[in-house]
Amino acid sequence: MRAQEKTKTARYQLRYAAGIYWVLDMWQSGKTLVRPVPLNECGAFLFRLLQEGASAEQMTSALCEEYGLQEADAREDALAFCGQMRAAGIKL
Amino acid sequence: MSGKEPWIETGIIGMDMHMNTTIMTKEEVCLLALLKEKLTIRVVSAEEAVAPQTDARKAAVQKLRELSPSSQEAVFAMAKQHAVLSFLYDELAENEALQPPIREQWIKSCRQTVLQSYRLLFLTKYILQLLENAGISVVVLKGASAAASYPQPELRKSGDIDLFVPDTQDWKRACALLEKEGFAKAEEQHANHHMVLQSQEGIEVEVHSAFSEPFDNVKMNQYMEKVMTMSVQHVVRREIMDVPLPVLERPYHAYQLLLHMLQHFLRSGFGLKLLCDWVVLWQENWTEEERETLRQLVKNSRIEGFAEMITSLCVVCLGLPLECAPFPTRSVRETEHFMKEILEAEEFGKSGISRMVVMRGTGLTDYIREFHHQMRLTYPKAGRCALLWPVLWCMTFVGFVYRNRTLRKVSTKEIIKKAKRRSELVEGLRLFKKGDS
């Protein structure tokens, strides 16, 4: 089996299965599933940073370092990611 | 249990599936080799981001690559039919021999399995909250409970939720409460030991009043009743992906899994997924006391032969380490024939409509006993009155022939022929009989 990627927080769990990272809301208790947010490798990288409380600036620097992006592109990506997480109802 | 236990048949140690050329197809051998590697539980670090490249994995993947593209496709198709495709996700995703549309379709299927696992887990959590708030004691069986033994529980394919409510009054209350909460009672109820309800999303929830359907053996059924009563005292909370669920203690959980396999085996059969459950379950850290408890449950049920066969299949074909095996293993030849039977069955005997039932022997009395048992299952209430039996036998027979012709589109002769072949395998298990199997 592929290694289990699991980062625990009080509310969200990041799991890796079938080639996708899934952000699960562990606090849900309703009848209908709060659909997990599927992420790719880069999304999971940013999500982990977000969980650790990183700011948009810190995420930008990390993206530049890890993926060799230009700072402007990295900032755009980091902000877009944070916006997408908010839109998906993820509150960190 | 140590590797020096006298019941271990030394001939099995180190057995390689290469030797099964006379019985197994090369695709079957390959699928088993891939699963064998996947089910071997090893400690991996959380940072490890790629599938571990062990020698066993390399060899299994090599075996796959040596096959023609159509054979490789057959391997994955078989994995899908046995509900174990998601275990092979890595091999599927990196496979270049498959036609891209087919590969994409199957990758999607693996992801649907994962999503469905999450859906079932959280729906289970919701239902448990509902029932427990109403003071109803409930236990999660099979699916989520079995998935807990896997390193990645979400990869175990599951289609429904199985809950066991031991108290009869509570069982009625649980069903009524679920109905009140919008779960609809399924129009067709196929079993006497559980009620099927459906969520608005179409997910089936089976509320069990018993571990399994009654078997055609009074003593076995009486003992199963006793164990079910005892099991109330053997419930623990176990976390599945950090969600705590009430499940049976390991020996009782294993016993229930065995009964579930036996029940399906005696009908149309079961596929590889249930064997995979057995393989991972026995790689947990069992205490000798737990093992002994299970052995007693199995011995008193007189299903040692079946437990041994299931264990043999797992050791011989799916790589369950011998030191983990809870029961003595049986001969390699017998095991191979059983595996062939399981490979034919696919998930819950879906592959062949001629696979209806299996008898405990091949004599005339076995046919009569099975026919009578089917009558009792079809007419559980009326069947209690012996005076009605002749009428019920006629009705059962007519119904059987009618359904074969109109629904199953298979001849009754074909069903009986298939049942005879499978029954020959069962004879050696000495089901429900006293003494050594």
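The values are calculated or read from the model by the stated rules, or taken from the named source; none is laboratory data. Only a predicted model underlies this, so the values are computations on that prediction, with no experimental measurement involved. Cβ placement follows ideal geometry from the backbone for every residue including glycine, while neighbour counts extend to all protein chains displayed.
Details
Rundown of residues vs (1) under 12 Å from the mean Cα position of the chain (by Cα); (2) among the polar types (S, T, N, Q), yes/no style:
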position	(1), (2)
A:Q13	yes, yes
A:A17	no, no
A:Y21	yes, no
A:L39	yes, no
A:C42	yes, no
A:G53	yes, no
A:G68	no, no
A:E71	no, no
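- Flag if A:A74 is within 24 Å of B:L85 (Cβ to Cβ), assigned to a helix (DSSP H, G or I) and among the aliphatic types (A, V, I, L, M): no
- Only one of the numbered conditions (1) surrounded by 22 or more Cβ atoms within 10 Å (Cβ to Cβ); (2) within 22 Å of the chain's Cα centre (by Cα); (3) within 14 Å of chain A (Cβ to nearest Cβ) is violated by B:A148, and that is (1).
- Residue match in region A:16-30 (condition: more than 29 Å from B:K108 (Cβ to Cβ) and surrounded by 14 or more Cβ atoms within 10 Å (Cβ to Cβ)): no
- Check on B:M241, buried (at least 17 other Cβ atoms within 10 Å of the Cβ) and not acidic (D, E): yes
- Residue count for region B:230-254, restricted to those that are in contact (Cβ under 8 Å) with a residue 24 or more places away in the chain and polar (S, T, N, Q): 1
- Number of the exception - B:R156 against (1) more than 14 Å from every other protein chain (Cβ to nearest Cβ); (2) out of contact with any strand residue (DSSP E or B) (no Cβ under 7 Å at 6 or more places or on another chain); (3) under 24 Å from B:Q112 (Cβ atoms): (1)
- Across region B:235-251, a minimum of one residue is classified as at pLDDT 95 or above, outside any loop (DSSP other than H, G, I, E, B), touching a Ser or Thr at 6+ places or on another chain (Cβ under 7 Å) and not aliphatic (A, V, I, L, M).
- A:L24 falls short on exactly one of the conditions (1) facing chain B (nearest Cβ under 10 Å); (2) more than 30 Å from B:L130 (Cβ to Cβ); (3) in contact with a helix residue (DSSP H, G or I) (Cβ under 9 Å, 6 or more places away or on another chain), and that condition is (2).
- Considered as a group, the residues in region B:90-126 that are aliphatic (A, V, I, L, M), out of contact with any Asp or Glu (no Cβ under 7 Å at 6 or more places or on another chain) and farther than 13 Å from B:V243 by Cα include one that is farthest from the other protein chains (Cβ to nearest Cβ), and that residue is B:A97.
- Screening B:W171 on (1) of a type outside the set (S, T, N, Q); (2) more than 26 Å from B:L85 (Cβ to Cβ); (3) part of a loop (DSSP other than H, G, I, E, B) shows it passes everything except condition (3).
- Restricting attention to region B:174-232, the residues being surrounded by 15 or more Cβ atoms within 10 Å (Cβ to Cβ), outside any loop (DSSP other than H, G, I, E, B), over 24 Å from the mean Cα position of the chain (by Cα) and within 14 Å of chain A (Cβ to nearest Cβ) number 2.
Residues checked against (1) out of contact with any Ser or Thr (no Cβ under 9 Å at 6 or more places or on another chain); (2) under 27 Å from B:K80 (Cβ atoms):
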| residue | (1), (2) |
| --- | --- |
| B:L120 | no, yes |
| B:L123 | no, yes |
| B:L155 | no, yes |
| B:Q169 | yes, no |
| B:R173 | yes, no |
| B:Q189 | yes, no |
| B:E201 | no, yes |
| B:E204 | yes, yes |
| B:S212 | yes, yes |
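- For region A:60-92, a residue qualifies if it is closer than 28 Å to A:V34 by Cβ and hydrophobic (A, V, I, L, M, F, W, C), and the qualifying residues are A:A62, A:L63, A:A78, A:L79, A:A80, A:F81, A:C82, A:M85, A:A87, A:A88, A:I90, A:L92.
- Candidates in region B:163-209 are the residues that are among the small types (G, A, S) and in contact (Cβ under 8 Å) with a residue 24 or more places away in the chain; of these, the one that is nearest to B:F432 (Cα to Cα) is B:S209.
- Residues being surrounded by fewer than 20 Cβ atoms within 10 Å (Cβ to Cβ) and within 14 Å of another protein chain (Cβ to nearest Cβ) are entirely absent from region A:67-84.
- Matching option when the condition is touching a Phe, Trp or Tyr at 6+ places or on another chain (Cβ under 9 Å) and either assigned to a loop (DSSP other than H, G, I, E, B) or without any contact (Cβ under 8 Å) to a residue 40 or more places away in the chain (or both), among A:A54, A:A62: A:A62
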